[in-house]
1. Suppose the filter is farther than 15 Å from C69 by Cα and either of a type in the set (S, T, N, Q) or in a helix (DSSP H, G or I) (or both); does L5 pass it?
2. In region 94-130, what count of residues is obtained for those that are free of Cβ contacts under 8 Å to residues at least 24 places away in the same chain, closer than 22 Å to P4 by Cα and part of a loop (DSSP other than H, G, I, E, B)?
3. Among the residues of region 131-144, how many are of a type in the set (D, E) and surrounded by 12 or more Cβ atoms within 10 Å (Cβ to Cβ)?
4. Scan region 70-88 and tell me whether some residue there is touching a Lys or Arg at 6+ places or on another chain (Cβ under 8 Å) and of a type in the set (S, T, N, Q).
5. Given (1) of a type in the set (S, T, Y); (2) modelled with pLDDT of 95 or more; (3) not in a helix (DSSP H, G or I), identify the lone condition not met by T140.
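The values are calculated or read from the model by the stated rules, or taken from the named source; none is laboratory data. As the structure is a prediction and not an experimental result, all values here were calculated from the model. With ideal geometry, Cβ positions are generated from the backbone for all residues, glycine too; neighbour counts draw on all protein chains shown.
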Amino acid sequence: MSDPLKSFHELLRRDRRYRPEAYQFIWEALHFAQEELKMGKPRPSEGSAGEGADAQTKLERHVTGQELCEAARQYALRQFGMLAKTVLNSWGITSTSDFGEIVFNLIGIGHMRKTPEDRREDFDNVYDFDEAIEGQFRITWPES
């Protein structure tokens with residue numbers, strides 16, 4: 001079994017587009033989608049089904065690329081407010097496609113899983129990044 005931290009460090013060395021914080025953010029956005037927004041379809045987690053009366057099936061929620069993009073938008077706004085776009089940009093995230101790149105990088109090192117239907121392209125152009133994040137904060141001046 002490989003060391004998860006070692007595989008993550010190798011990923012960061014190999015693909016320098018995103019800061020470590022970007023990966024942490026996506027991981028947190030996924031949990032935000034599943035736990036708070038109740039996004040995704042329930043499915044048994046790997047290795048959770050067992051035999052016997054004492055076996056408890058732990059369900060996890062599979063979130064689609066589009067759902068994760070929306071959850072990431074909401075989570076960024078909740079965490080960073082007016083600075084959300086600036087913070088995400090500083091980590092290398094400038095579009096919903098970047099969310100997909102990060103997710104599939106994590107899948108590639110075994111830190112996330114996908115279904116056969118999931119594709120990297122599911123994250124492309126989900127919304128206009130600038131408008132969806134920065135556009136939430138428009139300053140309007142009172143008319144004189």
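1. Details: farther than 15 Å from C69 by Cα: yes; either of a type in the set (S, T, N, Q) or in a helix (DSSP H, G or I) (or both): yes.
So L5 fits the description; yes.
2. The number of residues fulfilling the criteria is 1.
3. Of the residues in region 131-144, 1 are of a type in the set (D, E) and surrounded by 12 or more Cβ atoms within 10 Å (Cβ to Cβ).
4. Within region 70-88, none of the residues are touching a Lys or Arg at 6+ places or on another chain (Cβ under 8 Å) and of a type in the set (S, T, N, Q).
5. Condition (2) is where T140 drops out.
Listed here are the residues, each with its yes/no results for (1) over 25 Å from T86 (Cα atoms); (2) at pLDDT below 90; (3) loosely packed, with under 12 Cβ neighbours inside 10 Å.
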{"site": "F8", "(1), (2), (3)": "no, no, no"}
{"site": "L11", "(1), (2), (3)": "no, no, no"}
{"site": "R16", "(1), (2), (3)": "no, no, yes"}
{"site": "P20", "(1), (2), (3)": "no, no, no"}
{"site": "F25", "(1), (2), (3)": "no, no, no"}
{"site": "E28", "(1), (2), (3)": "no, no, no"}
{"site": "F32", "(1), (2), (3)": "no, no, no"}
{"site": "K38", "(1), (2), (3)": "yes, no, yes"}
{"site": "E46", "(1), (2), (3)": "yes, yes, yes"}
